[in-house]
Structure formats: C-alpha cells, structure tokens
Amino acid sequence: MKIIRTVLGDVPAEQAGITLTHEHLLYAYPGADLDHRAAFDFEEIVDRVAGDLRNGRESYGIGTVIEMTPAEVYRHPPLMRAAAERSGVNVVAVTGFFPQSMGLPYYWRRQTVEELAQFFVTDLTVGMMWSGSQTGIKAGALKIATGGEGVATTPSPAGPDGLRITALEQRVIRAVARAQREVGCLINTHTDPNDYAVTNPGIEQLDLLADEGADVSKVIIGHAFIQNTGMHQLYEIADRGATLNVDHIGIPWKHGSTDELDGILADQIVDLVEHGYADRITFSYDRWFFNPRAKVTDLDPEFLNARVPIGYFFDSFAPRLLKMGLSEDVIRQILVDNPRRLLSIDA
C-alpha cells in the first residue's frame, strides 16, 4: 500500500488529488520569529490560511499542498496542522534547510552528515520540533536548497571543486540522500535561477544525491523554469529521471511582468510535453499564504509571492495551456498523477 505522509498522519496515496508541489503557508526570513513587528494572532492567521486552502479545495479541487518552508524559515508545524484540519486539504511538510547564503543555522553547520541525516529521519518518522518541544507532527518530504538568496542578481560563485554548491550545502545534500534511502520519500529542491546561466544547478544537485545512493526518480528540481534556462538543461534534468517543477505561475519573480513569465513558462511546458516529458513535470505557485511582515492591503513589492490568487492557475494559466494545444488529460496528469507518484511512500 502506498501512502502520503501529511501533518495529520498517513493517508492513502489515492487521496492526494490535485497537488501544488511548492507552497508556503507561513514564510519569513530567518530571525523573523524574534521580531516584535512580526508577531501575529495564531487563530486569526490559521483561519485566514485555512480559508484560502478551503477555497482552493471547494472551488478548484485542490487536494494536497506541499508546504516547502524549511526548518529555519519560520516552519510552523502547529499552524500547518490547524490549517489542514480546518480546510480539509492535505498538507505535506518538509524537513531540510535553505541555502547557506540565507539559511542553514550555525548550530547545524557544525553537524556531521550522519547527525544531519538522523535529524531529517526523526522529523519524518517521529515528528518536528517547535519552540523547544516535540510536536509529533511528521514531515512527509525532504528539501535541499542551493545558490544565492531570492534577490540575488548574479550567479553563485564556483567553489574549488567547480560546483556552485558550497561545502556546507553539499553536506546537507548528502545527509538528505541518506535520509531518503531510509524513509523512501520525495526530495524537493530549490535552485537559484541565476545559476542556469553558468551551469545546470539541478544536475549538480542530482549528481551529489546520486553519489549517496538517492533515488533521483523521486526528486523534484525547483525554480528551473526561467528566462536563463535553456531547453537542453531541462531535458538533461528530465533525462536523469528527475521531475521539473513549474513554479511562480502568476508571480513575476525575476521578470518584468506576470504575463512575460507566464508566456515563457507556457512555451517551455509545451515544448517538454511535445518531447515526451509530460511525466516529468509538476505545477505550483510558490505562494506565501502568510508572511508576518506583509500586510494584505499594503504589500511591499518584495511580497509578490503573497499576491497571486489561489485560483490563478485554473482561471488563467490552464486556459493558456489549453489554447496552446495541451490536453486536459495531460494537465491532469501533471496536477494529479505525477505528484502522487512522487509523494508516495510504502506504508
């Protein structure tokens, strides 16, 4: 029997439904939890987040969301659990860290590969920590992240080994691979779009994971669809057996407008499907359902990720794909079948 591991417990994989593979119910940069200005009312925010999720379920059929917030970026297991309970949407949490440039706390930089791997396995099989206590709320997937922070405009520097992945990030990646070997779950990644101009960061990640014996067919490479990326780079990742995540749909990250990025994404998706890679694609927004420093009515440009409506894909982007010749069956395969296969764990 195959299951997906949600914050409310294991459920049959068949119950996954339409799945958004890279989202953030609560997202804030490391240290925000210490800022008085970032304080929020838990019940109010749970109701807001759960309302968005419930609207996604009732209006668009969204069944599952992979909550991609890593441990040091204000990951909030109790909020995830409460939002899942109130919305009826499966929420899958991740364990892992952000890139060294903006994450990977000093405490964990001092840990060995074996210690990091055991931390990840404990998050997946026992439960995640919150505010100094064990919650019993389990993660259901692993995350790795490399490259510069989101506002970087230049590629990551090459290290002595020629990789655009730091030695500390490599240690985390090896630990994640070992944890995946033990648990059998999905690895979902963050790459820096700037790096595609000088290397293939997805392949760099896959090489390190494979070196530790990871199952690369259960890896999603995130943020690979961008103006910098050549189709040959996307083919290369898919040919390795990994999946390409189409994210920032409706969010003009590193582009001049939403329409500009959506056009690039749509062209790349159609090209991949025409070349036989429909089973190597997933869809998501990379939406911030709540950031404690963002005001809903007065958002700073930095918070573009919080603006996109939950139904934007279904109301605007999917019709674009249909007009370009993609079938409803292919779109459903990408929304339902592919993520279900990737999230599935042997019970």
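The values are calculated or read from the model by the stated rules, or taken from the named source; none is laboratory data. None of the values given here were measured: they were computed from a predicted structure. Quick reminder, even Gly has a Cβ in these numbers, built from the backbone with ideal geometry, and neighbours come from all protein chains shown.
Would you say GLU169 is in contact with a Ser or Thr (Cβ under 6 Å, 6 or more places away or on another chain), of a type outside the set (A, V, I, L, M, F, W, C) and modelled with pLDDT of 95 or more?
For GLU169, the condition - in contact with a Ser or Thr (Cβ under 6 Å, 6 or more places away or on another chain), of a type outside the set (A, V, I, L, M, F, W, C) and modelled with pLDDT of 95 or more - is met.
In the set GLN118, GLN111, which member is part of a loop (DSSP other than H, G, I, E, B) and farther than 29 Å from ILE45 by Cα?
GLN111
Which residues, counting only those in segment 21-51, are out of contact with any helix residue (DSSP H, G or I) (no Cβ under 8 Å at 6 or more places or on another chain) and either part of a loop (DSSP other than H, G, I, E, B) or in contact (Cβ under 8 Å) with a residue 12 or more places away in the chain (or both)?
HIS22, GLU23, TYR29, PRO30, GLY31, ASP33, ASP35, ARG37, ALA39, PHE40, ASP41, ARG48, listed by residue number.
If I go through segment 153-197 residue by residue, how many of them are touching a Lys or Arg at 6+ places or on another chain (Cβ under 8 Å), in a loop (DSSP other than H, G, I, E, B) and of a type in the set (A, V, I, L, M)?
Adding up the residues that qualify gives 1.
Does at least one position in segment 141-152 carry a residue that is touching a Lys or Arg at 6+ places or on another chain (Cβ under 9 Å), buried (at least 23 other Cβ atoms within 10 Å of the Cβ), among the hydrophobic types (A, V, I, L, M, F, W, C) and in contact (Cβ under 8 Å) with a residue 60 or more places away in the chain?
Scanning segment 141-152 turns up at least one residue that is touching a Lys or Arg at 6+ places or on another chain (Cβ under 9 Å), buried (at least 23 other Cβ atoms within 10 Å of the Cβ), among the hydrophobic types (A, V, I, L, M, F, W, C) and in contact (Cβ under 8 Å) with a residue 60 or more places away in the chain.
Does ASP52 satisfy the condition of being acidic (Asp, Glu) and over 20 Å from VAL308 (Cβ atoms)?
no
Which pairs turn up if I take residues in segment 309-323 that are at pLDDT 95 or above and look for partners that are crowded, with 19+ Cβ neighbours inside 10 Å and outside any helix (DSSP H, G or I) with beta carbon separation below 6 Å, at least 6 apart in sequence or on another chain?
Correct list of pairs: TYR312/GLY250; PHE313/ILE249; PHE317/ILE249.
Could you list, in sequence order, all residues of segment 198-227 that are part of a helix (DSSP H, G or I), among the small types (Gly, Ala, Ser) and either within 17 Å of the chain's Cα centre (by Cα) or modelled with pLDDT under 95 (or both)?
GLY202, SER217 - these are the residues of segment 198-227 that are part of a helix (DSSP H, G or I), among the small types (Gly, Ala, Ser) and either within 17 Å of the chain's Cα centre (by Cα) or modelled with pLDDT under 95 (or both).
All but one of (1) at pLDDT 95 or above; (2) outside any helix (DSSP H, G or I); (3) more than 17 Å from VAL219 (Cβ to Cβ) hold for ILE269, so report the exception by its number.
Exception for ILE269: condition (2).
For residues that are surrounded by 21 or more Cβ atoms within 10 Å (Cβ to Cβ) and under 14 Å from GLY241 (Cβ atoms), tally how many sit in segment 266-281.
2
Would you point out which residue out of ASN291, ASN305, ASN245 is modelled with pLDDT under 95, under 22 Å from the mean Cα position of the chain (by Cα), surrounded by 15 or more Cβ atoms within 10 Å (Cβ to Cβ) and not in a helix (DSSP H, G or I)?
ASN291
Identify all residues within segment 316-347 that are touching a Gly at 6+ places or on another chain (Cβ under 8 Å) and either among the small types (Gly, Ala, Ser) or within 20 Å of THR189 (Cβ to Cβ) (or both); write none if there are none.
SER316, LEU343, ILE345
Assuming ASN90 fulfils every condition listed in (1) without any contact (Cβ under 8 Å) to a residue 60 or more places away in the chain; (2) polar (S, T, N, Q); (3) farther than 29 Å from ASN200 by Cβ apart from one, which condition is it?
Every condition holds for ASN90 apart from (1).
Report yes if GLN100 is of a type outside the set (A, V, I, L, M), buried (at least 24 other Cβ atoms within 10 Å of the Cβ) and under 21 Å from the mean Cα position of the chain (by Cα), otherwise no.
Against the criterion (of a type outside the set (A, V, I, L, M), buried (at least 24 other Cβ atoms within 10 Å of the Cβ) and under 21 Å from the mean Cα position of the chain (by Cα)), GLN100 does not qualify.
From ILE66, ILE137, grab the single residue that is β-branched (Val, Ile, Thr), more than 22 Å from ARG164 (Cα to Cα) and not in a strand (DSSP E or B).
One residue alone meets the criteria, ILE137.
Can you spot a residue in segment 248-263 that is in contact with a Lys or Arg (Cβ under 9 Å, 6 or more places away or on another chain), of a type in the set (Gly, Ala, Ser) and under 23 Å from VAL65 (Cα atoms)?
Looking through segment 248-263, at least one residue is in contact with a Lys or Arg (Cβ under 9 Å, 6 or more places away or on another chain), of a type in the set (Gly, Ala, Ser) and under 23 Å from VAL65 (Cα atoms).
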